[in-house]
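Inspection log for the structure reproduced underneath, given as structure tokens.
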Number of protein chains: 2
Amino acid sequence: MRRTKIVEVLKSEETGKEFLVKGWVRTRRGNKQVSFIAMNDGSTIHNLQIVADVELFGEELLRRANTGASLAVVGELNQSQGTGQNVELLAKKIEVIGDCDVNEYPLQPKKHSLEFLREKAHLRFRTNTFSAIARVRHAMIFAVHSFFSLKGFVNIHTPIITSSDAEGAGEMFQVTTLNLDNIPKNDDGAIDFSKDFFGRPTNLTVSGQLEGELAAMGLADIYTFGPTFRAENSNTTRHLAEFWMIEPEMAFYDLNDNMDLAEEFLKYLIRYALDNCADDLNFLSNRLKEEEKNKKADEKSMELIEKLKFVLEDDFVRLTYTEAIEILRNSKPNKKGQFKYPIEGYGADLQSEHERYLVERHFKKPVILTDYPKEIKAFYMKLNEENKTVRAMDVLFPQIGEIIGGSQREENYDKLVARMEEMDIPVEEMWWYLETRKFGTVPHSGFGLGFERLMLFVTGMGNIRDVIPFPRTPKNAEF
Amino acid sequence: MRRTKIVEVLKSEETGKEFLVKGWVRTRRGNKQVSFIAMNDGSTIHNLQIVADVELFGEELLRRANTGASLAVVGELNQSQGTGQNVELLAKKIEVIGDCDVNEYPLQPKKHSLEFLREKAHLRFRTNTFSAIARVRHAMIFAVHSFFSLKGFVNIHTPIITSSDAEGAGEMFQVTTLNLDNIPKNDDGAIDFSKDFFGRPTNLTVSGQLEGELAAMGLADIYTFGPTFRAENSNTTRHLAEFWMIEPEMAFYDLNDNMDLAEEFLKYLIRYALDNCADDLNFLSNRLKEEEKNKKADEKSMELIEKLKFVLEDDFVRLTYTEAIEILRNSKPNKKGQFKYPIEGYGADLQSEHERYLVERHFKKPVILTDYPKEIKAFYMKLNEENKTVRAMDVLFPQIGEIIGGSQREENYDKLVARMEEMDIPVEEMWWYLETRKFGTVPHSGFGLGFERLMLFVTGMGNIRDVIPFPRTPKNAEF
């Protein structure tokens, strides 16, 4: 008999039919006559209720079918008598595949804190919250690939180990095969990197953009989806040392095309989640309400499904950084001194509080800000004619602020070299990047979406460590 | 006017209609009256022929529209007079977006060696061969995700930076933020890893399997698709320091289920390529024929499309390692001393020549070998009852030999610990791996597919450096 996944059994209307299911016990309750075993196999947020006659199976066997144990059950599908499910399985055969000592098992049939479960990342896939997150994460991965495939984009695997620093984006992890106990040195005392695996210093990539641009200069529309790294000592709920990024790059796109694509992309992803992850999102919505039940009304998050729909309903508002600064400068919270970082005028780097004010209170819509001061943006962004701002864009969302950052790129060789020199970017090392501006250069644009930022938004989780299976943070590389 | 991709223009039957296309010039030829410009935008292997009236546009402009330059062209779709294409564009407007100095441009309108193009990895996307490979690579990525999504698998991003060595799979890259010029030491002279970012030695993952198993112990069916690393000093056509792996892991699967999935998976991928990449595969097939035209008949590769169909046509042959050794021992090449590594009997580690003999000459079908001697396989593979072989499986393909390696995993806690101790695997560090065998353990299986191996097979390319955009090999981390 072939095993049927629980998600299929629960959808089945063939009462009376026999099914073989395999999975793990979540809870067991009952009385002297009958045991009710809630079983889950990871295919759905819902458990399948197994109804077992105590006399038929014996108390000893049923005692082993406790929380955490793995079972194979053959049973007949019945309309459920209880509430909370439509169907249940009346057990004919029960086999305990793997026992579980309840005294040792860390996952008790009660609520555990997210902090505790982070220490048990090897087991937390067996909980409702983390299995729901894993399934939503998968759906979002697939939606990313589907969106770009439909549009004829080519997925490019940009290198993880690199000898270039894409944007001076911060501290990097070094990658080496040198013997750290005995680093080879040159006569002048400098490290002899000719002995290292790549014959030069290398590090983990902070972005695939620069290599992505190379590919776009031949294939036109490409995207990357891979891990990126920051060795920043930030122990916050929003930072990971290792996280996944999606970076599309499009030849012949100007900033407006770029904004159109970013908006269409985000809406596609959110709609995909709503269409394909309803059960998991409902569970996560309730989880969030439960978590925040003791918060004051004005401190509660927007309800999860409502928040997702909020993104779909309207066109995103588009305005320049300069316009946004004026709005913020004249805003009530600024005048009343409620911003932690008061806005005095042009040049300020926007903080999450400002971004959220614009989205949640001023416009009540997602917002795209453009044309930021060149001083606060990266070297590769295209300078506007006035030589003061660059064609950058940031997409701002409720709750999390910036979800996408992008720009039109500087395609003019001379201007790009001048900007690099101004900003101390090593021009010679980047010969390959510059050559794309020499040989048939074209206007092009792209953006980056931090995948875990998206996951925070879609799941309503508050800590980025909970939306990636095995988070890497300062002092933490377990598993 | 909106730009239309060249792949769409070439499919269009609306002759007389005007289109705007943008792309790069591959070649230009012509006479005093008319110029023929072959344009490509990366969306297809085929160029679009632009027909330009010399008098209308002037010689100066057309001279700039040379190889490598980027153009925007508005033109009317016409039935083509020439051979090699159905339609062409009669130019109405031509704008040179970016010039290209032919004296400096490395990609001349002639055949370049693959070696030369590897040095120009930033530009090789603009060549027929590498744009075809990039599109096929994308198709295979999407096919991987589609296959597993259809089957309800969950994609898991396993960690890239890890503190464990999955299988003692070989040399690893160290990841560190310690100052290599001044490594902090403890009083006893040992490196003080408490000062390192993660507070312990870390390295780049060699496999996501062990973490994948953790996820499968809750979600049942998962797969990974991410970069993996080997710091082996192997300068061959088959080794990369950084490559991408696909590793499904399935709870409740035994070795037979595992083989069924592997066969179904490979057939799905190959069929997807045949169904979706016909133009690129035809081009790559001709490229291979051209490359091998001076080889003797018995040294030529199988024709590419024929080779792909070869995989689809039959069930894969399944036999044990022990049976295969007998076949090899009695084979003609073994008796005639034609194997570089003669087969004397049980215990021999099979080489590519043996694998290819079984597939290409003995069975003339793909082959799955199972039940290898435990001595030549990893610690986590399930021991057979006879205590001599393990439930391993290798899928062997024509041309490349092993394309997939997998096994049923040892799910018995005591047996697993005993194997780890036998093989000097640190039991305490792997507490999290072992706990899955303690709490509701289940039989489970999985396998690994090296994505670039698959790409070699599907594209017919001979060097693994040519099927990944920016290869990482000893002494090479450029771009």
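Computed from the coordinates by the stated procedures, all read-outs in this text should not be read as laboratory data. All values derive from a computational prediction rather than experimental measurement. Cβ placement follows ideal geometry from the backbone for every residue including glycine, while neighbour counts extend to all protein chains displayed.
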Item to complete: Pop out the ³J(HN,Hα) list for region B:15-25 in order, Karplus 6.51 cos²θ - 1.76 cosθ + 1.60 with θ = phi - 60°, rounded to Hz; leave Gly and Pro as x.
Response: 4, x, 7, 8, 10, 9, 10, 10, x, 10, 7
Item to complete: Enter the mean number of other protein chain beta carbons within 10 Å of the beta carbon of each residue in B:423-434, as an integer.
Response: 1
Worksheet, complete the sentence: Rounded to the nearest 5, the percent of antiparallel DSSP beta bridges in region B:6-107 equals 95
Discussion item. Let me check against my output: what whole-number percent is the relative contact order of chain A, with C-alpha pairs under 8 Å and at least 6 apart?
Written reply: 13
Discussion item. With 10 angstrom as the radius, rank B:E249, A:E55 by how many other C-beta atoms surround their C-beta, starting from the fewest.
Written reply: A:E55, B:E249
Item to complete: Would you calculate the separation in nanometres between label points at A:S80 and B:K340, each defined as 7 Å from the Cα along the Cα-to-beta-carbon direction?
Response: 6.1
Fill in: Inter-chain Cβ neighbour average for residues B:121-130, partner chain, 10 Å
5
Fill in: Cα gyration tensor shape for region B:356-479, rounded if a/c is under 1.5, else prolate or oblate
oblate
Fill in: For region B:159-250: rounded, prolate or oblate by the Cα gyration tensor [a/c cutoff 1.5]
oblate
Discussion item. Under the 0.36 nm per residue contour assumption, what length would be gained going from the current alpha-carbon distance of A:S12 and A:A190 to full extension?
Written reply: 57.2 nm
Worksheet, complete the sentence: Mean projected area (nm²) from the convex hull of Cα positions in the protein assembly as shown is 45.4
Worksheet, complete the sentence: Once amide hydrogens are built 1.01 Å from N within the peptide plane, the residues lying 5 or more places from B:E402 or on another chain with amide H under 5 Å from its amide H are B:F397
Practice prompt. Take the cross-link list B:K111/B:K300; A:K5/B:K151; B:K374/B:K438; A:K5/A:K92; A:K92/B:K151 and give me the ones stretching past 19 Å between alpha-carbons.
Written response: B:K111/B:K300; B:K374/B:K438; A:K92/B:K151
Worksheet, complete the sentence: Each label sits 7 Å from Cα toward the beta-carbon; between A:D275 and B:E55 the label points are separated, in nm, by 5.4
Response to the item:
Taking the dipole of region A:6-107 about the Cα centre (Lys, Arg +1; Asp, Glu -1; charges at Cβ), the one of A:Q85, A:S12, A:V73 that reaches farthest to the positive side is A:Q85
Fill in: Anisotropy class of region A:78-122 from Cα gyration tensor, a/c 1.5 cut
oblate
Worksheet entry | Kirkwood Rh in Å, taken over chain A so that all alpha-carbon pairs contribute | 25.6
Worksheet, complete the sentence: Assertion target for A:T127, B:T322, ordered by fewest C-beta neighbours within 10 angstrom first, is B:T322, A:T127
Worksheet item: Of all DSSP beta bridges located in chain B, what percent are antiparallel, nearest 5?
Response: 90
Fill in: Relative contact order (percent, whole number), region A:6-107, Cα cutoff 8 Å, 6+ residue spacing
29
Discussion item. Distances in nm, one decimal, shortest first, from A:G189 to the same residue in every other copy, taking the label point 7 angstrom along Cα→Cβ.
Written reply: 2.2
Worksheet item: What's the exposure ranking of B:V9, A:V51, going from fewest to most Cβ atoms within 10 Å?
Response: A:V51, B:V9
Worksheet item: What ranking do B:347-355, A:28-36 get when scored by the average of other Cβ atoms within 10 Å per residue, highest first?
Response: B:347-355, A:28-36
Response to the item:
At the level of C-alpha centres, the distance separating region A:272-289 and region A:417-479, in angstrom, is 29
Practice prompt. Count charges around A:L90 for me, please; just the other residues with Cβ under 15 Å from its Cβ, Lys/Arg as +1, Asp/Glu as -1.
Written response: -3
Discussion item. Taking each residue in B:181-188, count the Cβ atoms of any other chain within 10 Å of its Cβ, then average. What number comes out?
Written reply: 1
Fill in: Unit Cα scatterers, Debye sum, region B:6-107: log10 I(q)/I(0) for q = 0.11, 0.19, 0.23 Å⁻¹
-0.28, -0.87, -1.28
Worksheet item: For label points placed 7 Å from Cα toward Cβ, what is the shortest-first list of nm distances from B:T320 to its copies?
Response: 7.8
Worksheet item: Counting DSSP beta bridges in the protein assembly as shown, what percent are antiparallel, to the nearest 5?
Response: 90
Worksheet item: Hey, for A:E422 with labels 7 Å out along Cα-Cβ, what do the inter-copy distances come to in nm, ordered shortest first?
Response: 6.7
Item to complete: Before anything else, pin down the relative contact order of region A:286-440: Cα pairs under 8 Å, at least 6 apart, normalised by residue count, whole percent.
Response: 18
Worksheet entry | At R0 = 45 Å, FRET efficiency that the Cβ-Cβ distance of B:D314 and A:K92 yields, to 0.05 | 0.70
Worksheet, complete the sentence: For A:T473, the residues 5 or more places away or on another chain with a placed amide H closer than 5 Å to its own amide H are A:A241
